[in-house]
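The values are calculated or read from the model by the stated rules, or taken from the named source; none is laboratory data. Because the structure is a prediction, the values reported are computed rather than measured. Cβ atoms come from the backbone with ideal geometry, glycine included; neighbour counts cover every protein chain shown.
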Amino acid sequence: MKLRGIFISCLLFVAAWVGGLEAIEADESFRLDPSLIRETWGGGKQARQFFDEQLPACFERTLKIGRWGEAGGRMDWIFTGPRAGVTLKVSATEVRLVTRQYDSLALPPEKTKGVDQSVATGQVSSVTLQLDHRLMLTVLVNGRQVAQQLWMHDLVHHQARQQGGGAIEAQLLRPATADVVVRVQPERRHQSILGFGGITLAPAYRLLSPEGQRQWWQLLRDYNLLLHREYPMGTQLNAEMDNWDRQADAVPHYYGDNFPNSEVCDFDYLKQLRSIGGLVMFEFWKMPPWAEQDVAKYAAAMVRYCQLSQEKTGRAPEIVGIQNEVRQPAEKFQAMTLALRQALDTAGFRAVQIHMADSALLGAGLGYLKDFQARPDVWRVIDYAATHMYDYQKAFTDPDHFDALLQQYRALAGDKPVLSTELCVNDGRFQTDSYRVALQLGQLYHKNLVLMDATAIAYCWLLLNVEQPSFGMTRSLFVPDLQHGGVPVASSAQLRVFGAFSRKIKAGMVRVEAVSPDPDLLSTAFIGKDGQATVVMLNRSLHPVRVALEWPGVTFTTTETCSPYAPNSAGPAAQRLVPPGGILTLTNVEK
């Protein structure tokens, strides 16, 4: 039996090599036999094979059938995760795909809501399940694709269960580890990094206990989230401009049955942020009605914010934006820009830089760019191009389709550095705490750094008070945990994926060229002062990757691994294995 398994493994390897497919390994042979039936609590008498592994975020697993039982034989190949599961019901002549949702209080614990469909008929000699970086679930029978569908849920364990018939002999096959050499070319320098961060809402921060607030400042340091995007008083700002930080004037946001949590300042918070090296970006979303049609009043309000920030925190914001997500006529954008620059200079804020209005969508942002570039005198006083990228969610099932748009924006922005001012998942289809959904944004962070030369990346919310938890799972990196003493906790895997980039890429570091021959090993490299160096490698393939890194003269001290099971877990520098769907950050940056 062992020799037979080795022979099958060799044949599969040769076939994969000849066909240009990934090599595979015969890792585990097993037998489902009526003689092995055991009593299963709550499930009757069954023969089962439990596979001793935790599945990576992206994977390929194959069952190669050695022999079906005399009576035909049937088995269920069962994949389970925290919110949903998949079963392949396999017989000698048919494969059925069953998908089910079971994370719902609307269902009793033993009930599920799912779909059962036949996907293949005919002689079955192998069946394969793949979860890939495109949020797709694919089923292959005898090496031929028979089903594919969107699947965002994490799967953790799997098992085989006999469903009648005689003994079944099979092997579990896994993709072999690939060896990849990543070469860093430090002489090829790109953008300098301004930082990483997002929006912390004042009412959410005030929900934290004193211990929770202490933890918050440590988390900002640990995750290097020092770029604060201010979400200031907007429509509620009075004409006297004296209620910027009046907490009673906070307004509810649009996230379900929420309480007031946005559009109010907290200068005390900003002062403490400044004390740990934080930077501030400020812009209006919706403006107060009395300033909406008068660019002089708009500019006066922006200057007043800068004055109050100077008075109460010791510094004006480093960067101000024209307006967030509101499309104005080109002439209005241009007038706002010139009025703002003049008002800032007159008030003594010549060092305050300006970023252009940021669109919610990258595609529409190209139009914004053209509006600002239409007048050279306007474009000249713009310091940063800026945009959000919520249209990337339309490319979740083909992330590389978004590349052309990123490259087009970068080319049109010319010599202006780019701020990626707001990223998150706000499409209701993907609003869950799945690691696989977070990995989609991980690919976008890489693309921002490499294709857009982004100098800063900001998540939407850093801390958001939500009543309905699914809003927090993808729109904010942290939420207040009121059940455990008002402390900040990660809302989902979005934090660890963002942290794989933010934690060890510090302000002032410069991106240098990192060349990977494997298009599915997304690699970025950064150098800083005093020999600081960081490389981030995201493996979006279906196989593990063992990395050899060529960067002469650089010594690394540690790695951090991001995966469904590793929240930026530190390990020795010699660790160079990147699991499928995992991210490895190799660094000598200590703090």
A careful count of residues in the stretch 270-308 that are over 29 Å from Pro329 (Cβ atoms) and touching a strand residue (DSSP E or B) at 6+ places or on another chain (Cβ under 7 Å) gives 4
Which residue is farthest from Val326 (Cα to Cα), if the candidates are limited to the stretch 359-401 and must be among the acidic types (Asp, Glu) and part of a helix (DSSP H, G or I)?
Asp400
Given (1) touching a residue at least 24 places away in the same chain (Cβ under 8 Å); (2) more than 19 Å from the chain's Cα centre (by Cα), number of the condition Arg503 does not satisfy
(2)
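Every residue, every condition in (1) buried (at least 23 other Cβ atoms within 10 Å of the Cβ); (2) in contact with a Ser or Thr (Cβ under 8 Å, 6 or more places away or on another chain); (3) modelled with pLDDT under 95, yes or no:
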position	(1), (2), (3)
Asp530	no, no, yes
Asn539	yes, no, no
Arg546	no, yes, no
Trp551	no, no, no
Thr557	no, yes, no
Cys562	yes, yes, no
Ala566	no, no, no
Ser569	no, yes, no
Gln575	no, yes, yes
Filter the stretch 565-590 down to the residues that are under 19 Å from Thr524 (Cβ atoms), free of Cβ contacts under 8 Å to residues at least 24 places away in the same chain and not polar (S, T, N, Q) and list them by number.
Ala573
Picked from the stretch 62-94 (must be of a type in the set (A, V, I, L, M) and in a loop (DSSP other than H, G, I, E, B)), the residue nearest to Ala167 (Cα to Cα) is Ala71
Do we find that Val512 is farther than 26 Å from Tyr435 by Cα and assigned to a strand (DSSP E or B) in this structure?
yes
When the residues of the stretch 264-291 are filtered to those that are among the acidic types (Asp, Glu) and touching a helix residue (DSSP H, G or I) at 6+ places or on another chain (Cβ under 8 Å), which remaining residue is surrounded by the most Cβ atoms within 10 Å (Cβ to Cβ)?
Asp266
One residue from Ala248, Ala239 being surrounded by fewer than 16 Cβ atoms within 10 Å (Cβ to Cβ), touching a Phe, Trp or Tyr at 6+ places or on another chain (Cβ under 8 Å) and more than 20 Å from Ala386 (Cβ to Cβ):
Ala239
Might you check whether a residue that is at pLDDT 95 or above and either basic (Lys, Arg) or over 21 Å from Leu194 (Cα atoms) (or both) occurs anywhere in the stretch 453-460?
no
Can you say whether Leu406 is out of contact with any strand residue (DSSP E or B) (no Cβ under 7 Å at 6 or more places or on another chain) and assigned to a helix (DSSP H, G or I), as far as the supplied structure shows?
yes
Considering only the stretch 348-358, I want to know if a residue exists there that is assigned by TED's automatic domain parsing to the domain that holds Arg429, in a helix (DSSP H, G or I) and within 17 Å of Arg304 (Cα to Cα).
no
From the set of residues in the stretch 95-117 that are of a type outside the set (A, V, I, L, M, F, W, C), out of contact with any Gly (no Cβ under 6 Å at 6 or more places or on another chain) and not in a loop (DSSP other than H, G, I, E, B), which is modelled with the lowest pLDDT?
Lys113
Which one of these is in contact with a Lys or Arg (Cβ under 9 Å, 6 or more places away or on another chain) and at negative phi: Ile354, Ile319?
Ile354
With the requirement that a residue be closer than 25 Å to Leu361 by Cα, among the aliphatic types (A, V, I, L, M) and touching a residue at least 60 places away in the same chain (Cβ under 8 Å), what does the stretch 276-330 give you?
Leu279, Met281, Ile319
Could you grab the pairs with beta carbons closer than 7 Å, sequence gap of 6+ or different chains, first residue in the stretch 233-257 and assigned by TED's automatic domain parsing to the domain that holds Met281 and assigned to a loop (DSSP other than H, G, I, E, B), second one among the basic types (Lys, Arg) and at pLDDT 95 or above?
Met241/Arg304
Restrict the check to the stretch 245-261 and report whether at least one residue is touching a helix residue (DSSP H, G or I) at 6+ places or on another chain (Cβ under 6 Å) and of a type in the set (Ser, Thr, Tyr).
yes
Condition test on Asp403, is it within 20 Å of the chain's Cα centre (by Cα) and in contact (Cβ under 8 Å) with a residue 60 or more places away in the chain?
no
Within the stretch 133-183, restricting attention to residues that are modelled with pLDDT of 95 or more and of a type in the set (Lys, Arg), which residue is nearest to Phe430 (Cα to Cα)?
Arg134
For the stretch 199-218, the count of residues that are assigned to a loop (DSSP other than H, G, I, E, B) and surrounded by fewer than 18 Cβ atoms within 10 Å (Cβ to Cβ) equals 1
Looking at (1) within 15 Å of Gln272 (Cα to Cα); (2) in contact (Cβ under 8 Å) with a residue 60 or more places away in the chain, can you tell me which one Pro203 breaks?
(1)
Is it fair to say Ala120 is over 13 Å from Arg61 (Cβ atoms), under 31 Å from the mean Cα position of the chain (by Cα) and assigned to a strand (DSSP E or B)?
no
For the stretch 145-187, name all the residues that are crowded, with 18+ Cβ neighbours inside 10 Å and in a loop (DSSP other than H, G, I, E, B).
Trp151, Met152, His153, Asp154, Leu155, Gly165, Ala167
Output the residues belonging to the stretch 219-232 that are under 18 Å from Ala507 (Cβ atoms) and not in a strand (DSSP E or B).
Leu219, Leu220, Arg221, Asp222, Tyr223, Asn224, Leu225, Leu226
Scope the stretch 127-137; condition part of a strand (DSSP E or B) and either out of contact with any strand residue (DSSP E or B) (no Cβ under 7 Å at 6 or more places or on another chain) or surrounded by 18 or more Cβ atoms within 10 Å (Cβ to Cβ) (or both); matching residues:
Val127, Thr128, Leu129, Gln130, Leu131, Leu137
If we keep just the residues of the stretch 345-370 that are more than 29 Å from the chain's Cα centre (by Cα) and among the aliphatic types (A, V, I, L, M), which is surrounded by the fewest Cβ atoms within 10 Å (Cβ to Cβ)?
Ala351
